[in-house]
1. Tell me yes or no: at least one residue of the stretch 151-172 is β-branched (Val, Ile, Thr), touching a residue at least 12 places away in the same chain (Cβ under 8 Å), in a strand (DSSP E or B) and crowded, with 22+ Cβ neighbours inside 10 Å.
2. Test Val71 against the stated conditions and say whether it is closer than 17 Å to Met181 by Cα and in contact (Cβ under 8 Å) with a residue 60 or more places away in the chain.
3. Mind listing whichever residues of the stretch 47-73 are more than 18 Å from Val175 (Cβ to Cβ) and outside any strand (DSSP E or B)?
4. May I ask you to verify whether Asp29 is farther than 25 Å from Gly163 by Cα, surrounded by 14 or more Cβ atoms within 10 Å (Cβ to Cβ), within 16 Å of the chain's Cα centre (by Cα) and of a type outside the set (A, V, I, L, M, F, W, C)?
5. Of all residues in the stretch 93-128 being among the hydrophobic types (A, V, I, L, M, F, W, C) and not in a strand (DSSP E or B), which is nearest to Phe151 (Cα to Cα)?
6. Would you pick out the residues in the stretch 79-112 that are farther than 12 Å from Ile160 by Cα and polar (S, T, N, Q)?
7. Could you please give the count of residues in the stretch 74-92 that are farther than 30 Å from Ile137 by Cα, in a helix (DSSP H, G or I) and touching a helix residue (DSSP H, G or I) at 6+ places or on another chain (Cβ under 7 Å)?
Amino acid sequence: MIIRRTLRWACCALVLAAAGAHADGVVADKSEIGFTMKQMGVKFDGRFRRFKGDVVLRPDAVASAKVEIDVDLASIDFASPDTEAAARGKLWFDTAKFPAAHFASTSFRDLGGGRYEVAGKLSLKGITRDCVVPIAITRDGAGNRVAVGSFVLKRLDYRIGEGEWADPAVVDDDVVVRVRMVLSPVA
């Protein structure tokens, strides 16, 4: 269960990375970074309660777009205090040493129709790797721009779930990270 939650946090960081849209800033209380992982073949969902982001993406200036997202790893939510405590421990996120995940975009690619590919660097547990997050920008019922995307995070690439949890037969290596970012209006 702890492993599932840990994988989900990685997904959340990537989801934040997908926040790039036609706006500046992220409305965190209306946004979500979640993840799905499997332990012993059973799916588990989790999310991160706290994150912050800076997003600049305008359709007429994609070349100057940027996304920076920081996820408070200790804010992991599995609806189980024991599992959350384990996920914050040394074998999973080691939040005492590595309190945040960070995503910084390096490039954007306009795929047309409000779809983008955000490439960047994801840093997690002291390890930085390339990451690509496909996103789609839509509007919600209130007219806000919303960036939605998902990607697969390889948890073992970031040493998430060490020791007995490192076996992908126990906890899958693939963690699906989902992001839904409501973007603040452009001034």
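1. Within the stretch 151-172, one or more residues are β-branched (Val, Ile, Thr), touching a residue at least 12 places away in the same chain (Cβ under 8 Å), in a strand (DSSP E or B) and crowded, with 22+ Cβ neighbours inside 10 Å.
2. It is true that Val71 is closer than 17 Å to Met181 by Cα and in contact (Cβ under 8 Å) with a residue 60 or more places away in the chain.
3. Arg50, Leu57, Arg58, Pro59, Asp60, Ala61, Val62, Ala63, Ser64, Ala65, listed by residue number.
4. When the stated conditions are applied, Asp29 does not pass them.
5. Phe93
6. Ser80, Thr83, Ser105, Thr106, Ser107
7. Total satisfying the criteria: 5.
Quick grid of which residues meet (1) within 15 Å of the chain's Cα centre (by Cα); (2) at pLDDT 90 or above:
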residue	(1), (2)
Arg4	yes, no
Cys11	yes, no
Asp24	no, no
Lys38	no, yes
Arg49	yes, yes
Pro81	no, yes
Lys97	no, yes
Ala100	yes, yes
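The values are calculated or read from the model by the stated rules, or taken from the named source; none is laboratory data. The model shown is predicted, which means the values in this text are computed figures rather than measured ones. Here the Cβ is made from the backbone with ideal geometry for all residues, glycine too, and neighbour counts use every protein chain on show.
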